[in-house]
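The values are calculated or read from the model by the stated rules, or taken from the named source; none is laboratory data. Small disclaimer: the values here were computed from a predicted structure and weren't measured. Cβ sites come from the backbone with ideal geometry, for glycine too, and all protein chains shown count toward neighbours. Ligands, DNA and RNA are stripped out before the accessible areas are found, and what is left, the full protein with its side chains, is counted by its heavy atoms. Shrake-Rupley method; radii C 1.70, N 1.55, O 1.52, S 1.80 Å.
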Amino acid sequence: MEQLALVQGDDAEAWAADAVLTIVGRPQRRVEGAAKVTGRARYTHDIRLPGTLHARILRSPHPRARVRHVDASRALALAGVRGVLHRFNTPKTAFRGEETIFREEVRFVGDEVAAVAADTEAIAEAALSLIVVDYEVLPHVVDLEEAIDAASPRIDEKGNVLDADRYERGDVRKEFAAADVVVEGTYRTSTQLHNSLETHGAVAVWDGDQLTVYESTQHVFGVREGLRNALHLPLANIRVLCDHMGGGFGSKGGIGKYTIVAALFAREIGAPVRCVLDRHEENVAAGNRSATLQRVRAAGKDGRITAIAHESWSNVGQARWVADPTGPTKGLYDVPNVLAHAHRVLTNTGSLAAFRAPGYVEGTFALESAIDELADGMGVDPLALRRRHAGSQVDPVSKMRYSLKRLVDCYDIGAEEIGWSRRARGGLRGSAPGLRRGLGMASQLWSGGGTPPAYATVHLNPDGTAVVRIGTQDIGTGTRTVIAQVCAEELGIDVRGVRVEIGDTDAPYAPISAGSLTVASITPAVRLAAKDAREQLLDVASGVLEVGRAELRVEGGAVVSRGARTPIAKVFEDLENYTVIGKGSRMPNPDDIVLKTFGAHFAEVEVDPATGMVVVERVVAVHDVGRIVDPLTARSQVEGGVIQALGFALSEERVVDKPTGRVLTSGLETYKVPTVRDVPRIVVRFVDVPDTVANNVGAKGLGEPPIIPAAAAVANAVANGLGVRIRHLPLTPRRVLDALAAAS
Amino acid sequence: MPTVRPSGPGAVDVELDVNGIRTPLHVAPHTTLLDALREDVGLLGAKKVCDEGTCGACTLLVDGRAVYACMTLAVACAGRSVETVEGLARDGELHPVQEAFIAHDAFQCGFCTPGQIMSVVALLRATPSPSADEVMRAVSGNLCRCGAYPNIVEAALAAARKGKERP
Amino acid sequence: MKPFTYVRATSVAEASRMVVAGSAPLAGGTDLLGLMKGGIASPARLVDLGGIDGLNGWSRERGAGLRIGALTPLVDLETSDQLARHLPIVREALRDTATLQLRNAGTVGGNLLQRNRCWYFRDAAIQCWLKGGTQCFAKEGENEHHAIIGTARGCNRVAPSDLAPALIAHDARVTLTSTRGTRSVLLADLFTDPALHSREEHTLRRGEILTEVQVPESGLQRRGTYLKAMERKTWSFALVSVAVAARIRGGKLRDPRIVLGGVAPVPWRVEAAEAEIDGHPFSDDLARRAADLLLADAAPLAKNGYKVPLAKELVRRALARIAAA
Ligand SMILES: Cc1cc2nc3c(=O)[nH]c(=O)nc-3n(C[C@H](O)[C@H](O)[C@H](O)COP(=O)(O)OP(=O)(O)OC[C@H]3O[C@@H](n4cnc5c(N)ncnc54)[C@H](O)[C@@H]3O)c2cc1C
Ligand code: FES
Ligand code: FES
């Protein structure tokens, strides 16, 4: 019933593996390239509406406190200040399960306390320091392991440690007892900060009761929904726009408090209001990848993995959800006995937000480290051990078949490319005396099959060009380009003849650009819309040309029949403004079939045991994500994912001062994302077999897969080279030297 | 001895040469070149990402040298030449570096791109045939969170090769 | 950034006169503007030194050593092949100093006078000892980047400049000029001795303009090298850096200097360590003895013990490098 409501029309047959496609599957330059290289591309930061006011947010200086009183009179008296919002004067505005955007109990340094709107950003900033807040300071805890400790302050009545998810198959306990080898390790990962270059922000403007919001977001419809909940407006009165956006990596999944602040001020004052975070706010209050503590036990017998137990604790700040790190443990390998138990730990720090494969990056590090430790313990090659559990075509969790799984192919391609046969226990000699060299690998499991609903329209213009409209967004992944490709392919016109209109809630609905679901969700709808348009065109052409409909096809911008080519423009010539509007919607995924993506990364590193320096020399990234629509942007996507993973593995770490709760690494000088010189040679390979069961394009998502296994592969390579395993990311010189000192 | 007198703290007049155009500005001394360009001149190509010299998104050229506009005072640029990404294309034709960035997919979200391009442009003027290492040193002050780095290096090298082919 | 008045000085004398209480000289601005934006400094007047003639560039006169104008952009030193022949250590030190954009704008004087990068110091909301408070938050806090040696009770910051250790290893001096006159001090003495328990990082007096760095002829006779350990390949302050320089005569190290960055509140030297190797040919063992002496008083905090072996290793490598060159 539910699906009936979502779907309109029939699906098209999937493009077969051997279908001859002229646009899809060939490298295509980004259609918005010229706008981006000239500086013409407009981002939310660049929206300049006449008369715009600027809002800044007052943030809690305390990790935990009760806001007893706010005195804004001095701020309001400052020339140029146009308004102040705080918990005692702001209407109820629902926000992510809470009633208001200004909490009574602020829960981390950076929590929103008040907001000022002023003629300039500088005045608004100056006014913040004039707001007097009476805080009752409460006991706090910011560190994950301290929060777990029962002796620490309880920051929630239910306690700091909350059960998130427990899963079991088989009998782990029995197998541990019966095993030949059991390994056990405690793994730690640090909080990673997204650091999208464009910070979160919104510009709101009202025209009567019509609200328009420009927001840097991965989901315009999500922002619209958030505004509806907060402001109780009919959806028709809200329009959310996001033309270009400067990165999100999961953190821009919906409305922010700044959005509501901008909308409220704009309504109250009657002028456009811009509220954009600065870099430090971004790194304190706009989300992160949770730090984790993970305990993994793995058992082996007769050359096989017999049981894995994985327990995790994630520092979620104040969030109501957890990015479960045990996902890969449950589903990656065909292992009969698995116990997985995830905990959500509350602390007085900024809350997590989805961060590119949330949970899976952290969990894969722990799991794949443990698999290597087990292989070492069993005296088998770690890749060989994985192979024994990677071939199954049945999902071990649901017991349903995969639509397509080529993980073993990924192993073959990657092992060949990196030269896995060189790997030796205890590592290899490095390029200079004293240096050690290691090889490591890890596997990737993720979803990426996409989902309905998603809708698109294709307007075929009388001159044979087309406009695709779909309310998705291009977060840098190349969405505009793949839409143009799929549309042009199906319609039979040139890519340059397709204009793609996205980032607008007045366009047909499309899902969030996250979870690697964009391509697999929207391109099938775009294809159907283009097909619909093509069929209408053929109907018309059949009449105009007086040729049987069945004998016609569209090719290269012309209607072709028995050798005769009639340009589309010619077909429409005498029909004046006859317009073809094709519609398409994303069909449901097949029943009883599991859609997943797979991959494997192989890393070669050189480690300097005397200085603790880790140099990643090469990463081979192999992915099995169905059809590759644009090999050019797909390769970029993989390289970008690997590079972000390398930051997580080697240098990125949020540091929080325990007594004050302040983030000490909120700037980009102290929070170290990779520079161009930190990048190794990255070899990208795809299995590139279309998943014809998944959807009519045969493509699956590629946004997250490439960030998942790289850190684990690097950690395994470092352990291989050094002969000492470091179970705490990032592998900074400090951690390496400390680990070596402890080991000797 | 004549003594210069301090100006400000209110707005003062300065004139810059921006992309070859004499551009009079009326800005307070504490206005950065980045804010002056974005807010007063309306050139939005250079981005404000950190506003403290830690990212490179605001990179542009002052007297031909790549600098961070967020760490430069507009008043200190009086009479100097400022080049931004908007000034690169001539008569609707993209600069070879811009072309190469598109051809080699040297960006994803594009937010770091104007800064990256300005760094490469400055490099190629001084070093028309750079090595990959020289390219990396020239753009290592430009962070790209999307990780377009390998393609940025390729694009710069390709633009250099193209530049050599031309008469 | 708080509003301020701005003046572009045309001479050192004028600049010195203009730098009254509450004013700051402005060179490239790459450190000063950061401090001002962060609310750590809020001068009411900036005196731009950029318009002063004669402070930009370097020169070498036979017998008279090397002179470097304080307003010389770092990049000009880094890219000069000629300078690299006289004093190769400067290029080595500058190659991974900040970024090209910052070296284009940043100057020699500004680099030597930049303030430290302790993350507590740089957070305006934290009133640490150096900013007039009562305690050093790093001592019991997040101190992985902090000092392991030479700290007085007050402050566990580390000297951030890459150029300073390199120049000190060649016995550089600086010229400081004010309306009261001109003095020349050892560059090493530009940094406030931590034992004095002063809340000033530099010994520059109000109104003094750093006009020039000189490397004496004897300093130029030394062969030097600079090594820097970072948390990523570039654009990072040193976890530990080391500048070494010595004359090599008959395979022996003569009149050596070993200067560490990133380990102490000031560029760190220990004469006994230098004496230990003076007159000896390089050997790993000799280098290790020197490094041990250099760090004999090291008292790491909870999270920065790794700096001790790291510093020792860098000293060994740097000495090996100059001995082999
Ligand atoms: C992100 C980042 C990373 C960095 N990484 C490094 C690094 O790895 N290694 C490193 O060594 N440095 C590093 N730096 C610091 C950088 O090198 C310095 O900011 C720069 O050298 C300062 O030079 P400036 O001319 O811009 O100084 P300014 O900012 O103009 O001045 C700095 C200080 O010196 C005073 N001053 C300047 N010149 C004079 C003078 N002639 N006489 C008297 N007073 C003067 C100013 O009043 C001010 O107090 C980094 C900086 C940033 C922002
Ligand atoms: S905005 Fe200027 S360097 Fe980041
Ligand atoms: S392209 Fe997104 S930050 Fe570089």
Chain B: angle of helix B:149-165 to the longest principal axis, Cα-based, in degrees nearest 10
80 degrees
Considering only DSSP beta bridges with both partners in chain A, what is the antiparallel share in %, to the nearest 5?
75 percent
Can you tell me the order of A:624-630, C:138-144 when each peptide is scored by its average per-residue count of other Cβ atoms within 10 angstrom, highest first?
A:624-630, C:138-144
Using mean Cβ contacts within 10 Å as the protection proxy, how do A:36-45, A:713-722, C:118-127 order, highest first?
A:713-722, A:36-45, C:118-127
Helical segments meeting 20 Å axial Cα length and Kyte-Doolittle 0.0 threshold in chain A (DSSP H)
A:360-378, A:518-545, A:631-650
Summing +1 per Lys or Arg and -1 per Asp or Glu among the other residues with Cβ less than 14 Å from A:Arg304's Cβ gives -1
Let me have the 222 nm mean residue ellipticity of chain A computed from DSSP H runs of 4+ only, each contributing -39500 (n - 2.57), with the sum over all residues rounded to the nearest 500.
-8000 deg cm²/dmol
In this structure, among A:Lys596/B:Lys47; C:Lys139/C:Lys228; C:Lys233/C:Lys312; A:Lys252/A:Lys700, pairs with alpha-carbon gaps over 26 Å are A:Lys596/B:Lys47
If each part is reduced to its alpha-carbon centroid, the stretch B:1-50 and the stretch A:633-691 end up apart, in Å, by 35 Å
Charges only on Cβ, +1 for Lys and Arg, -1 for Asp and Glu: so what's the dipole of the protein assembly as shown about the Cα centre, in debye to the nearest 20?
2720 debye
Size of charge dipole - the stretch A:450-585 - debye, nearest 20, with Cβ of Lys, Arg +1 and Asp, Glu -1, no other charges:
320 debye
Pairs of Cα atoms under 8 Å, at least six residues apart: use those to get the relative contact order of the stretch A:614-690, whole percent.
55 percent
Could you rank A:Ser421, A:Ser312 by how accessible they are, 1.4 Å probe, largest area first?
A:Ser421, A:Ser312
Rounded to the nearest Å, the spacing of the alpha-carbon centers of the stretch A:499-574 and the stretch C:60-79 is 67 Å
Given the stretch A:582-674 reduced to its alpha-carbon atoms as identical point scatterers, what log10 I(q)/I(0) does the Debye formula return at q = 0.10, 0.12, 0.17, 0.23 Å⁻¹?
-0.51, -0.67, -0.96, -1.22
Per-residue average of other protein chain Cβ atoms inside 10 Å, peptide B:31-39 -> 2
Using the alpha-carbon atoms, what tilt in degrees (0 to 90, nearest 10) does helix B:113-126 show relative to the longest principal axis of chain B?
80 degrees
Note on chain A: contact order normalised by length, alpha-carbon pairs under 8 Å, 6 or more apart, percent, works out to 17 percent
How large a share of the accessible area of the protein assembly as shown, in percent, is made up of carbon and sulfur atoms when the probe is 1.4 Å and the other protein chains stay in place?
49 percent
When DSSP assigns beta bridges and you keep just the ones with both residues in the stretch A:450-585, what percent turn out antiparallel, to the nearest 5?
75 percent
Each residue of C:137-145 has, on average, a number of other protein chain C-beta atoms within 10 Å of its C-beta equal to 4
How many Cβ atoms of partner chains, on average, are near each residue of C:91-104 if near means within 10 Å of its Cβ?
6
When only C-alpha pairs under 8 Å and at least 6 residues apart count, what is the relative contact order of chain C, in percent?
18 percent
With a 1.4 Å probe, how much accessible area is buried between chains B and C, both sides summed, in Å² to the nearest hundred?
2700 Å²
Averaged per residue, what accessible surface does the stretch A:1-89 expose to a 1.4 Å probe, in Å²?
53 Å²
Alpha carbon centre of the stretch A:206-277 versus the stretch C:191-242: separation in Å?
50 Å
Under 5 Å between amide H atoms, partner at least 5 residues away or on a different chain: which partners does C:His280 have, H built in plane at 1.01 Å?
C:Leu253
Rolling a 1.4 Å sphere over the protein heavy atoms, what is the accessible area per residue of the stretch B:12-86, to the nearest Å²?
31 Å²
Packing rank of A:431-444, A:644-657, where each peptide gets the mean count of other beta carbons within 10 Å, highest leading:
A:644-657, A:431-444
For C:Thr107, residues with placed amide H under 5 Å, excluding near neighbours:
C:Gly28, C:Leu74
Dipole moment magnitude, nearest 20 debye, the stretch B:96-165 about Cα centre, only Lys, Arg, Asp, Glu C-beta charged
120 debye
